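Here the structure is laid out as structure tokens; the discussion comes afterwards.
The values are calculated or read from the model by the stated rules, or taken from the named source; none is laboratory data. Because the structure is predicted, anything quoted here is derived from the model rather than measured. When we count neighbours, we look across all protein chains shown, and the Cβ atoms used for this are built from the backbone with ideal geometry, even at glycine.
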Amino acid sequence: MSNIDNQVKAAMQAALEHLKQELKSLRTGRANSSILDHVHIDVYGSKMSLKTLANVNVPEARQIVVTPFDASTVHAIAKGIEAANLGIHPMVDGKVIRLNVPPMDETIRKQIAKQCKELGEKAKIAMRDIRRKFNELVRKQKTDSIITEDQMKKSEKTIQDLTDRFCKDCDSVCAEKEKEIMTV
């Protein structure tokens, strides 16, 4: 029975970690290199992630500097960043690319905060799917006479408690990110 509890906890923890990774890529008022994590560049005849092609630094609060490992890929990287539609325009400066992160106005902040809420809701839906899957598993074990009625009820209560806890965690992570987004 505790095996199922551990599986539920692990699955929900994975969903929460996925949410945290997704939220990292949302833009805030400060420069953050993780907004470039999902950028892929057409170079050498295939699509490659930016991290495999360049070093990304944040020297100032409003600037990101991308230094390609191969100087001949500077223009391809700049084109790929522009194609990613991040709202940031790359400027090629010799062998590096500078991305000046413009301050966000209120409408952009609200749009990004809305995206944050949507990601939080998707994570909570994933949590409820995990709950449903494991509740069905416990009920099947009961019908197969592997566990008793009392064990089934106890497992369902534990699964519900974990679901509630992880949904609250999702809400707090999203609220923290929203506060960061809305801070001028």
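In summary, strands (runs of 3 or more DSSP E) completely within the stretch 23-112 and bearing 2 or more residues that are surrounded by 13 or more Cβ atoms within 10 Å (Cβ to Cβ) and in contact with a helix residue (DSSP H, G or I) (Cβ under 8 Å, 6 or more places away or on another chain) occur at 40-43, 54-60, 63-68, 90-93, 96-100.
Contact map, the stretch 130-141: first residue over 11 Å from Ile159 (Cα atoms), second residue assigned to a helix (DSSP H, G or I) and not aromatic (Phe, Trp, Tyr), Cβ cut-off under 8 Å, separation 6 or more or different chains; pairs are Leu137/Ile4; Arg139/Met152; Gln141/Met152. Residue-level analysis places Gly80 among those that are in contact (Cβ under 8 Å) with a residue 24 or more places away in the chain, of a type outside the set (Ser, Thr, Tyr), touching a His at 6+ places or on another chain (Cβ under 7 Å) and under 30 Å from Ala54 (Cα atoms). Arg62: over 23 Å from Lys24 (Cα atoms) and in contact (Cβ under 8 Å) with a residue 12 or more places away in the chain, yes or no? In short, no. Ile125 meets each of the listed conditions (1) in a loop (DSSP other than H, G, I, E, B); (2) aliphatic (A, V, I, L, M); (3) in the same structural domain as Ala175 (by TED's automatic domain parsing); (4) within 24 Å of the chain's Cα centre (by Cα) apart from (1). When Ser25 is tested against (1) under 30 Å from Asp171 (Cβ atoms); (2) free of Cβ contacts under 8 Å to residues at least 12 places away in the same chain; (3) not hydrophobic (A, V, I, L, M, F, W, C), exactly one condition is not met: (2). The number of residues in the stretch 143-166 that are surrounded by fewer than 18 Cβ atoms within 10 Å (Cβ to Cβ) and part of a helix (DSSP H, G or I) comes to 12.
Could you list all residues from the stretch 1-52 that are within 10 Å of the chain's Cα centre (by Cα), modelled with pLDDT under 85 and among the basic types (Lys, Arg)? Lys24 - this is the single residue of the stretch 1-52 that is within 10 Å of the chain's Cα centre (by Cα), modelled with pLDDT under 85 and among the basic types (Lys, Arg).
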